[in-house]
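Accompanying notes for the structure given below.
The values are calculated or read from the model by the stated rules, or taken from the named source; none is laboratory data. Keep in mind that this is a model prediction, so the values were computed, not measured. No Cβ is skipped: glycine too gets one built from the backbone with ideal geometry, and neighbour counts run over all protein chains shown.
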């Protein structure tokens, strides 16, 4: 695990045997901030996400598979309305997970066993860089930086594990403060 510097949130060590899928499984609240540097448009997504075990089938990984579904409200520029997405997380023998788009295309490899993961995904001429950091057993952040001839934006999401005992009103009580990174 890398060292942290002054003012930086320390990374959380995974507990023994706590692979990526074991950590992610369950229901989460999501707050995502989006900033499009080309248009100067900022926005946010608020919603919920679920990582659910997929029944074993011939196409599933021997190490488990989670189906990710996300639903919520997106306010971005003139758009205000519902938004959703789906992904597939296939467990690997080493405790990491391969992330796939719902249509079966590969996306990136995620390994949260040390509490921190950096990955990339090329999309035509654009490059997607993601940093995922465990903030504790019930929280993680995901920061995307996307750059290329077609896109120039960043997204920062905070996921907090849902406490269903608190009731559905907790879903949108999350707040987060984002600081725009200095651009060089």
All positions within region 72-91 that are over 13 Å from the mean Cα position of the chain (by Cα), closer than 20 Å to residue 26 by Cβ and either modelled with pLDDT under 95 or surrounded by 14 or more Cβ atoms within 10 Å (Cβ to Cβ) (or both): 72, 90, 91
Filtered residue count, region 138-184, keeping only those that are modelled with pLDDT of 65 or more and part of a helix (DSSP H, G or I): 1
Residue 132, sole failed condition from (1) over 15 Å from residue 22 (Cα atoms); (2) crowded, with 18+ Cβ neighbours inside 10 Å; (3) touching a residue at least 24 places away in the same chain (Cβ under 8 Å): (3)
Total residues in region 95-120, condition more than 14 Å from the chain's Cα centre (by Cα) and without any contact (Cβ under 8 Å) to a residue 60 or more places away in the chain: 5
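To keep it simple, each residue is scored yes or no on (1) touching a helix residue (DSSP H, G or I) at 6+ places or on another chain (Cβ under 9 Å); (2) modelled with pLDDT of 95 or more.
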site: 101; (1), (2): no, yes
site: 106; (1), (2): no, yes
site: 109; (1), (2): no, yes
site: 113; (1), (2): yes, no
site: 121; (1), (2): no, no
site: 129; (1), (2): no, yes
site: 133; (1), (2): no, yes
Any hit, region 29-48, residues being out of contact with any helix residue (DSSP H, G or I) (no Cβ under 7 Å at 6 or more places or on another chain), closer than 21 Å to residue 98 by Cα, surrounded by fewer than 17 Cβ atoms within 10 Å (Cβ to Cβ) and at pLDDT 95 or above: no
Failed item in (1) touching a strand residue (DSSP E or B) at 6+ places or on another chain (Cβ under 9 Å); (2) closer than 19 Å to residue 22 by Cα; (3) in contact (Cβ under 8 Å) with a residue 60 or more places away in the chain; (4) surrounded by 13 or more Cβ atoms within 10 Å (Cβ to Cβ), with residue 137 passing the rest: (4)
For residue 64: the one exception among (1) farther than 17 Å from residue 134 by Cβ; (2) modelled with pLDDT of 95 or more: (2)
